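First comes the structure, then the notes that go with it.
The values are calculated or read from the model by the stated rules, or taken from the named source; none is laboratory data. Since we're looking at a predicted model, the values are computed, not measured. Glycine gets a Cβ as well: all are built from the backbone with ideal geometry, and neighbour counts include every protein chain shown. All accessible areas refer to the heavy atoms of the entire protein, side chains included, with ligands and DNA or RNA removed. Shrake-Rupley method; radii C 1.70, N 1.55, O 1.52, S 1.80 Å.
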Protein chains: 2
Amino acid sequence: MAYSAPLSDYDVIFRHVVPLAPVAATETFAEASEDMAQAVLAEAARLCEDKLSQYQRNGDLHPAVLENGVVRTSPGFAEGHKAIGEGGWIGMSASPEHGGMGLPMMLTTAVNDMMSGACLSLQLAPLMSQGQIEALENHASDALKDLYIPKLISGEWTGTMNLTEPQAGSDVGALRSKAEPDGDGTYAVSGQKIFISWGDNDFAENVCHLVLARLPDGKPGTKGISLFLVPKFIPDDNGAPGKPNSLRVVSLEHKMGLHGSPTAVMEYDGATGWLVGEAHDGMRAMFTMMNNARLGVGVQGLGQAEAATQTALAYALDRKQGRTPVAGGTGTIVDHADVRRMLAEMRADTFVARAIAVACAQAIDMGQATGDPAWTARAALLTPIAKAFGTQTGMRVAETGVQVHGGMGFIEETGAAQFYRDVRVTAIYEGTNGIQAMDLVGRKMMDGGEAMNALLDEVEAHAEGLRATLPDLAEPVWQASETLRETVEALIGTSDLNERFAGAVPFLMGFARVLGGHFHLKAAEADGADSARGRLARFYIERLLPEHASLLEQSRAGAAALYALSPEDLAS
Amino acid sequence: MAYSAPLSDYDVIFRHVVPLAPVAATETFAEASEDMAQAVLAEAARLCEDKLSQYQRNGDLHPAVLENGVVRTSPGFAEGHKAIGEGGWIGMSASPEHGGMGLPMMLTTAVNDMMSGACLSLQLAPLMSQGQIEALENHASDALKDLYIPKLISGEWTGTMNLTEPQAGSDVGALRSKAEPDGDGTYAVSGQKIFISWGDNDFAENVCHLVLARLPDGKPGTKGISLFLVPKFIPDDNGAPGKPNSLRVVSLEHKMGLHGSPTAVMEYDGATGWLVGEAHDGMRAMFTMMNNARLGVGVQGLGQAEAATQTALAYALDRKQGRTPVAGGTGTIVDHADVRRMLAEMRADTFVARAIAVACAQAIDMGQATGDPAWTARAALLTPIAKAFGTQTGMRVAETGVQVHGGMGFIEETGAAQFYRDVRVTAIYEGTNGIQAMDLVGRKMMDGGEAMNALLDEVEAHAEGLRATLPDLAEPVWQASETLRETVEALIGTSDLNERFAGAVPFLMGFARVLGGHFHLKAAEADGADSARGRLARFYIERLLPEHASLLEQSRAGAAALYALSPEDLAS
């Protein structure tokens, strides 16, 4: 696969659509100048284009396997992971105190987008380490930080998240893993965890597991859960990996895709662990990691959408079939109206997913740098949208990419099918898209709509300002935002949370449609209506934005018609 | 996989939604009484539930392979195919003259739905034979009919369609395969064909290929193409398979799914063939086969949607997770609003796809029995909708089915992932869904909208009649139909075909949404608003029908904004 980093998109996004400037203007991120950002992205682009993209097919054709208790990773993955670590890409946003670069999440988001597009199954490894670093930075003791974070940043050690158990998926509070004090400040952790991404590998010196478990005096439910750091090898007095811990990979899952990423069943049998954060307060620490990872997974969907779009466009520009209706055109299928439509939808929605992810990262950065709760609330609001819309876009774009390829799309050798299979899990892990949508209409509405309305104020003020110069683009965006505002009000007026849950997913997708109009309008404003971005904005606003109406109508439909349908009614 | 045939759906559909009675009232199908239909479906249900469903996983886990030039099929497929043939299911709608049962396509459609749901990759074999039988019945010489059709019906021999070549996919006219007269009434057929479903197998005595090729005096393009019957073994004087023909399977494709169905690259090297139909008139004969197959493929999508829905519902009814909001409910995830929503969408759209397929079959039957061109036009109109909406529904429902399973959906052992992979090709083969949509707004509008308006007259008259008794269900259906009617008028008023093509796919999907409202309304009328079907109708009309508005808006957007986007604009 020839992968090309989307530098042009990041150029317009960082300058105009979701500007980097306010972040660079803070003391925290003073180094993140426009020049610096360009240099960082260019360097990451080289890594992704020249190196990581080579491994994309390897991971699929030669999956990670478990041999005599040892995970053997796909050809090239060790080398690829080493390059990612050595380039500093794992610790981009980590604090310089432990060897990180201290760069804004906006830049990390761009780089994660590129790495995901180049080789998703490999990129999942550093993404897990990034989440672990952030959890440790915020909650671990200084001793743990000093020992683990530099190794995670360099890529010599890798990190994993251990939440799920067979009976505890979306309902984390149902977990049964236990931890007993050892009397020496460590804990003996026991239990089985499933779906552990990159649960082991053969290229890191150590694999560090963050494991949720319950202490003897932990209450039932989420409030009795604690978080433990459980390394594969117990560090010796010099901090080097010492004797093996009492844990093992029981098996690897046989998955539909993402074969290069070993998904493990892990068994902990009195393994030595260190408490991270306060006892019984593990969920708070885990949420730090999960919020980071949620944006990261949304970006995975986006990265796959980018790669699928590029692959489909390249195929369409090469494939000749039938008489094309464009005089002086390419003579390839890209000139057929329906193929052009598919590619335009793919490109337009990839841009939306990217802008939403960057806007979420910007809010995280501004919240961190300024402490302004309005930014923190913005980040919290955008996280579920970035995750669910990014991954939904990844799925939809990959599906359309297969369609552009026609029969060849169903044959594995084109790579189009791999995107379709690999990206499917992103809508599920790190909280299913349904869970994200429930978060959006539940927790994220607990402020009475303040954060949402603040965002819609911006959307509408911006559209207002363009009514004179870009009337036919600005007006539909303003109208759509008004419809969304009314929907927010209607949902908040519904005290029964389940009434909202019944329409949560269409609400989230409708919200993203409106934000898409806003971001496309900003791009059109930046480059002009007659530019490539102006034309893409017009396509989006005329053809995709209208979907917000039926989505928001669905979101207001409530739970009555749904629960009127009994499970028996749903049998055929 | 435990598969359960959707007999209850067929009961209400055949009695009320798309009644069998008018078909049974014709002389041609006088035998197809309600009792007869019930007996046939019950027998087919037993075959699918008890036997065919066993093979679904086999095909995926043990794909068909090519060994030393011989295709070895998946375990059990030989036995399964034998049972299908012996049960008479291949020749259900074939003429009794050659051993068929002469039953309406309405019943064949129901049985194909069930067989597709039980084991898609196996069912594709008899589907190909059914298409070949119909092509031979309509276009072959009596000698060919007498020799081949009884063997195809019994399943002793199987049939394939050979259209595609590397440079000739959607553009069939670009094919290069050649046929030279042998001087003895036969022809020497040479060329390479790709994507040949069930191109060979190890259970039939003979494999009969219908091959499109050009005679020496054939013009370029589709008007110079002829159709040839080219058997794997040349029948001897007794009609038994004799010496091998000059053809071979070069390779089998490595596909994303449908592994049980061998997809072959075929090489013909002066193979002996017999002309089917007139010289240079092969496309007409092939279209007979393709139209049959298009409905058949739509039904494949539908069958997979049914199976994916059943699998997801069974999982949801078993899986406990989190506190559910329904007092006295099941205590399983089916009681979570978003899970209930997903299952309701799956069930509601599966019903729509089924009703549309049966309506298409009814029109075929009525056209055949009465010769009334209005029925023939109705069949032609509904064929692309049945194909594209059926397969789109298959894709969407399978995708949602994976989501209902959460993390388990990405693991192959649940079977949810197999539906997602297998069904993907149905939106591509037998004419991509884009091709179907172009047919709908192109050829199927050449009557000035007569067939479409006749259908919408029925939809609106029916809704009108229910305004008093089911006002909140009937009114939205009537309104949606009016919007569709205006859209039809607008598109027909557009003389540039490419303006229509630019919105063809959303038009087709919007059309299906409106038909879905109509059929759900009929079901609600039959069983009452407070019945399971009435509740499902309300869910569909409140939540899914509204999508017609944005789809039809997209369909009217025209080509300007699309072609304003150059291929360069679509690069990131």
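What the table shows:
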| quantity | calculated |
| --- | --- |
| Residue identified as within 18 Å of A:ILE356 (Cβ to Cβ), within 14 Å of chain B (Cβ to nearest Cβ) and part of a helix (DSSP H, G or I) among A:ARG533, A:ARG543 | A:ARG533 |
| Output for the range B:319-337, where each listed residue is closer than 21 Å to B:GLY534 by Cα and facing another protein chain (nearest Cβ under 7 Å) | B:VAL334, B:ALA337 |
| Residues that are of a type outside the set (Gly, Ala, Ser) and crowded, with 17+ Cβ neighbours inside 10 Å, drawn from the range A:172-191 | A:VAL172, A:LEU175, A:LYS178, A:THR186, A:TYR187, A:VAL189 |
| Matching residues, the range B:546-572, being open to solvent by less than 20 Å² (accessible area, probe 1.4 Å), more than 7 Å from every other protein chain (Cβ to nearest Cβ) and part of a loop (DSSP other than H, G, I, E, B) | B:GLY558 |
| Residue list for the range B:296-317, filter: open to solvent by 10 Å² or more (accessible area, probe 1.4 Å), farther than 22 Å from A:ASN498 by Cβ and more than 8 Å from chain A (Cβ to nearest Cβ) | B:THR311, B:ALA314 |
| For A:GLY510: the one exception among (1) surrounded by fewer than 19 Cβ atoms within 10 Å (Cβ to Cβ); (2) within 21 Å of B:ALA557 (Cα to Cα); (3) in contact (Cβ under 8 Å) with a residue 24 or more places away in the chain; (4) small (Gly, Ala, Ser) | (1) |
| Residue match in the range B:4-14 (condition: more than 13 Å from every other protein chain (Cβ to nearest Cβ), of a type outside the set (Val, Ile, Thr) and farther than 21 Å from B:THR370 by Cβ) | no |
| Subset of the range B:147-171 [over 24 Å from B:GLY100 (Cα atoms), open to solvent by 20 Å² or more (accessible area, probe 1.4 Å) and hydrophobic (A, V, I, L, M, F, W, C)] | B:LEU163 |
| Identity of the residue in the range A:321-376, without any contact (Cβ under 8 Å) to a residue 12 or more places away in the chain and of a type in the set (A, V, I, L, M, F, W, C), that ends up surrounded by the fewest Cβ atoms within 10 Å (Cβ to Cβ) | A:ALA327 |
| Condition check for A:ILE84: open to solvent by less than 20 Å² (accessible area, probe 1.4 Å) and within 16 Å of A:PHE203 (Cβ to Cβ) | yes |
| Test result for B:GLY191, touching a Lys or Arg at 6+ places or on another chain (Cβ under 9 Å), at pLDDT below 95 and of a type in the set (Gly, Ala, Ser) | no |
| Flag if A:LEU473 is under 24 Å from A:ALA561 (Cα atoms), touching a residue at least 60 places away in the same chain (Cβ under 8 Å) and either crowded, with 20+ Cβ neighbours inside 10 Å or not polar (S, T, N, Q) (or both) | no |
| Enumeration of residues in the range A:226-259 that are among the small types (Gly, Ala, Ser) and either within 14 Å of chain B (Cβ to nearest Cβ) or farther than 17 Å from A:VAL70 by Cβ (or both) | A:SER226, A:GLY239, A:ALA240, A:GLY242, A:SER251, A:GLY257 |
| Residues of the range B:112-152 satisfying the condition of being more than 20 Å from the chain's Cα centre (by Cα) and small (Gly, Ala, Ser) | B:ALA140, B:SER141, B:ALA143 |
| Residue match in the range A:143-161 (condition: closer than 30 Å to B:ARG323 by Cα, within 14 Å of another protein chain (Cβ to nearest Cβ) and assigned to a loop (DSSP other than H, G, I, E, B)) | no |
| Wholly enclosed helices (runs of 4 or more DSSP H) of the range A:423-528 bearing at least 1 residues more than 14 Å from chain B (Cβ to nearest Cβ) and touching a helix residue (DSSP H, G or I) at 6+ places or on another chain (Cβ under 8 Å) | A:450-465, A:471-492, A:504-527 |
| Residue in the range B:2-20 that is polar (S, T, N, Q) and either at pLDDT below 95 or under 20 Å from B:LYS522 (Cβ atoms) (or both) present | yes |
| Filter result (crowded, with 21+ Cβ neighbours inside 10 Å and within 16 Å of B:SER177 (Cβ to Cβ)) within the range B:258-273 | B:ALA264, B:MET266, B:TYR268, B:ALA271, B:GLY273 |
| Test: residue in the range A:282-289 that is touching a Lys or Arg at 6+ places or on another chain (Cβ under 8 Å), away from chain B (no Cβ under 14 Å) and touching a residue at least 40 places away in the same chain (Cβ under 8 Å) | yes |
| Scan of the range A:58-71 for residues that are surrounded by fewer than 19 Cβ atoms within 10 Å (Cβ to Cβ) and in contact with a helix residue (DSSP H, G or I) (Cβ under 9 Å, 6 or more places away or on another chain), ordered by number | A:LEU61 |
